[in-house]
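So the structure is just underneath, and the comments pick up after that.
The values are calculated or read from the model by the stated rules, or taken from the named source; none is laboratory data. None of these values were measured; they are calculated from a predicted model. Because the Cβ atoms are built from the backbone with ideal geometry, glycine has one as well, and the counts that use them run over all protein chains shown. Surface areas here come from the heavy atoms of the whole protein model, side chains and all, with no ligands, DNA or RNA. Shrake-Rupley method; radii C 1.70, N 1.55, O 1.52, S 1.80 Å.
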Amino acid sequence: MPLFGALEAGGTKMVCAVGNEKGEILERVSIPTRDPAGTMPELLDFFRDKGLAAVGIGCFGPVDLTPQSPTYGYITSTPKLSWRNYPIVRRFREELGVPVGFDTDVNAAALGEAVWGCTRDVENSIYITVGTGVGVGVILGGRPYHGMLHPEGGHIFVERRADDPMPRGICPYHGNCLEGLASGPAIEQRWGRKGIELSDIPAVWELEAYYIGQAICTYICTLSPERVIVGGGVMHQEQMLPLIRQEVRRQMHGYIQTKQMEKLDEYIVPVSLNDNQGVMGAVQLAIDAYLAEGGTL
């Protein structure tokens, strides 16, 4: 059985893993994200000499996902300046000599859930992660969606609630986008403490649910997903999912009437793969790259 490398490349940590075609994770380590000069040698050393058939990378972005582009496989206009315009796919191919699959980190997580997790029984789904930033992975027809670039659903504009004590969202590009109003740093900016220290203050999480629920209503109306997954550090607050479902029902106001909307506890759901959905999705990216270059399972 061939082995596949998986990299979940995040802004604060790089999760490296080895898995197989069944999605079983056989080895997993976490490496802090520094600059490329400090981080890449550690990543490559982990994957060397493991007899890998291919590597899959789910990467923070924005990234270039157009195979015909001269900068395909590059991290592009990221705010992490040392990684801007970095050719991460080319480096892995040159150093390891194997096919490399590539997508955004949140698309990889969405793919992991679609292949092995809680959306494997539907063709169209979205995965929302709310943490240091907000990202949205979109699965259409069982595959990650790419258009002109890739979905940047964390930066859709949302209506700021009038009683929000923070006068403007923290996103330097947009202010009142979802990330600017609902990310972990936005919570800290608004209330003066990290979310983990605010667990027992209902107003914090009711406002958070208002913004996330509003965004999910927009995704429902535009993408019509058959299931919505919500993950990320902010969702470690147990009260969040019930509050979000409540807000979606209230804000949708009966406009969309489907069997899914009648059972929001089965429609808007938590992650299901024990925080391995990102690396499991990267394993699938590796499998796809291996098969595309003539490999067999």
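Phi angles of the range 134-149 translate, via the Karplus equation with coefficients 6.51, -1.76, 1.60 and θ = phi - 60°, into HN-Hα couplings of 10, x, 9, x, 10, 10, 10, x, x, 10, x, 8, 10, x, 4, 9 Hz per residue; Gly and Pro are given as x.
Summing charges over neighbours of G231, with a neighbour being any other residue whose Cβ is under 12 Å away from its Cβ, gives -3 when K and R count +1 and D and E count -1. Between R91 and K259, the contour length at 0.36 nm per residue exceeds the alpha carbon distance by 55.8 nm.
Taking only Cα atoms, what is the 0 to 90° angle, nearest 10, from helix 202-223's long axis to the longest principal axis of the chain? With both axes taken from Cα atoms, the answer is about 60 degrees. Which distance in Å, rounded to a whole number, links the C-alpha centroids of the range 154-209 and the range 250-297? Here the answer is 26 Å between Cα centres. Each 5 Å bin from 0 upward holds the following percent of the Cα-Cα pairs of the range 138-296: 1, 8, 15, 19, 19, 16, 11, 6, 3, 2, 1, 0. The residues of the chain have, on average, 45 Å² of accessible surface per residue, using a 1.4 Å probe with all protein chains present.
Overall, the ratio between the Cα radius of gyration of the chain and 2.2 N^0.38 Å, rounded to two decimals, is 1.00. Under a 5 Å amide H cut-off, with hydrogens placed 1.01 Å from N, V271 pairs with V230 among residues at least 5 apart or on other chains. Ellipticity at 222 nm from helices only: DSSP H runs of n ≥ 4 in the chain, each -39500 (n - 2.57), divided by the residue count, give -10500 deg cm²/dmol. Here the Gaussian network model covers the chain, with springs between Cα atoms less than 10 Å apart; of A110, A286, A203, A203 fluctuates the most. Taking the protein heavy atoms of the chain in the context of the full set of protein chains, the accessible area attributed to carbon and sulfur is 51 percent at 1.4 Å.
Net charge near L273: determine it from the other residues with C-beta under 14 Å of the C-beta of L273, scoring Lys and Arg +1 and Asp and Glu -1. My count for the surroundings of L273 gives -1. In the range 1-128, taking the dipole from charged Cβ atoms about the Cα centre, the farthest positive-side position among T66, A109, T78 is held by T78.
Inter-label distance, V29 to E152: 3.4 nm, where each label sits 7 Å from its Cα along the C-beta direction. Relative to the Cα centre, the charge distribution of the range 202-254, modelled as +1 at Lys and Arg Cβ and -1 at Asp and Glu Cβ, gives a dipole magnitude of about 160 debye. Normalised radius of gyration (Cα atoms, divided by 2.2 N^0.38 Å) for the range 102-222: 1.11.
Across all Cα atoms of the range 1-111, the radius of gyration (one decimal) and Dmax (whole number) stand at 13.0, 39 Å. Applying the criteria of a DSSP loop state and at most 12 other Cβ atoms within 10 Å to the trypsin sites (Lys or Arg not before Pro) of the range 236-284 yields K263.
Only beta bridges with both residues in the chain are counted; by DSSP, about 55 percent of them are antiparallel. Computed on the Cα trace of the range 56-126, the radius of gyration divided by the Kirkwood hydrodynamic radius gives Rg/Rh = 1.04.
For the chain, modelled as a GNM with alpha-carbon contacts under 10 angstrom, which of E21, E208, E179 fluctuates the most? Between E21, E208, E179, it is E21 that shows the largest mean-square fluctuation.
Its Cα gyration tensor gives the range 1-61 an equivalent ellipsoid. The semi-axes, each the square root of 5 times an eigenvalue, are 20, 12, 9 Å from largest down.
At an R0 of 51 angstrom, the distance between the Cβ atoms of T222 and D49 translates into a FRET efficiency of 0.65. In vacuum, with every alpha carbon of the range 134-180 counted as one equal point scatterer, what does the Debye formula give for log10 I(q)/I(0) at q = 0.17, 0.22 Å⁻¹? Two decimals, please. Computed log10 I(q)/I(0) values: -0.57, -0.77. To the nearest 0.05, what FRET efficiency results for E159 and T296 with a Förster distance of 41 Å applied to their C-beta separation? Calculated transfer efficiency: 0.20. On the basis of the beta-carbon distance and an R0 of 35 Å, R168 and K13 show a calculated FRET efficiency of 0.75.
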